[in-house]
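In what follows, a structure is listed as structure tokens, so that the remarks can point back to it.
The values are calculated or read from the model by the stated rules, or taken from the named source; none is laboratory data. Here the structure is a predicted model, which means the values were calculated and not measured. Don't worry about glycine lacking a Cβ; one is built from the backbone with ideal geometry, like all the others, and counts go over all protein chains shown. When the accessible area is computed, the model is the full protein with side chains, heavy atoms only, and any ligands, DNA or RNA have been set aside. Shrake-Rupley method; radii C 1.70, N 1.55, O 1.52, S 1.80 Å.
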Amino acid sequence: MGAQTRESLEAIATMASEATAATPEALSGLFGAAQALAEYPSLLAALADASHDASDRTALLDSALSALDAGARELLDSIVEQSWSTPADLLQGIEECGVRMSASLADADTVVSQLLSLSRIIRGNALLQFALSDKRASERSKRDILRALGAKKMDPIALEVAAYVASQSRGRRASEALVEAAELVCDQDGRGLAEVRVAQALDATQQKSLQAQLTKRFGRESYLDVVIDPEVIGGARIRVGDVVIDGSVATQLGQMRRQLAG
């Protein structure tokens, strides 16, 4: 990721939290616009070309997507005005803005929980994984699958996010894209995302203690995604971003075996 894109993504986080145009219609419009731009590479490239004046780029955007919801167009103008290292990075910026917006359009915990649950459903179903990773299938057909999966159980905002991010390839599996989206929603809500694998459910006291430890280590609270995994045996295996804290009995036993074998 180039320096221009990193700076622009930081601006996107602020933009999403301050957006007065943040509405469900704007969210849907943002994702719809990203889908349309992906189908017209030359237009996407022109909008991401920082050698052109920002006002020229927004004028081009407004003329190309004149029928777009007013709130979505306002947000898109602000995104296009940023500097992007590549056209693909501009699409990433639109996606991140929409995902981050969802934290204020619905209960953040609900959105995170449902994105993670859908990710696990996909990981646990080989046929579903194949359908969503099939390069021959259209993104529309993948979105239809995802909407059908979550139509009755998911919050409309969470489903809107899930249907978009999990249908976009960008070198990711659908399940991975959903976890990334959950991390962004947590970050927008001022928290980290901690996957906690334990052999049995944590009680309220244990969760409070763990939350305090993670806050002390990472400088902010974490959403605790507690996963019951009998293979852990005891203790916990915790992942926060790229950091893994493995205090599981299974790992300790494995280390003891290796030491004895050595």
Discussion item. Ignoring everything except DSSP H segments at least 4 long, calculate the 222 nm mean residue ellipticity for the chain; use -39,500 (n - 2.57) per segment, divide by total residues, nearest 500.
Written reply: -20500 deg cm²/dmol
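Just subtract the alpha-carbon distance of Ala11 and Arg217 from 0.36 nm times their residue separation and send over the number in nm, one decimal. Before the final figure, lay out each step's value.
Details: separation 206, 0.36 × 206 = 74.16 nm, distance 2.62 nm.
Gain in length upon complete extension: 71.5 nm.
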Worksheet item: With every protein chain kept in the model, how would you rank Glu96, Glu81 by accessible area, 1.4 Å probe, largest at the top?
Response: Glu81, Glu96
Worksheet entry | Computed E for Ile245/Leu127 - FRET, C-beta separation, R0 25 angstrom, nearest 0.05 | 0.15
Item to complete: Jot down the radius of gyration and Dmax of the range 81-144, Cα atoms only, both in angstrom.
Response: 15.0, 41
Item to complete: Sequence neighbours fewer than 8 away in the same chain don't count; with that in mind, list the lysines whose C-alpha is under 30 Å from Lys208.
Response: Lys153, Lys216
Response to the item:
Listed by chain and number, the residues whose amide H is under 5 Å from that of Val226, excluding neighbours fewer than 5 places away on the same chain and using placed H, are Val196
Worksheet entry | Ser63-Thr110 pseudo-label distance in nm [points 7 Å out on the Cα-to-Cβ vector] | 4.2 nm
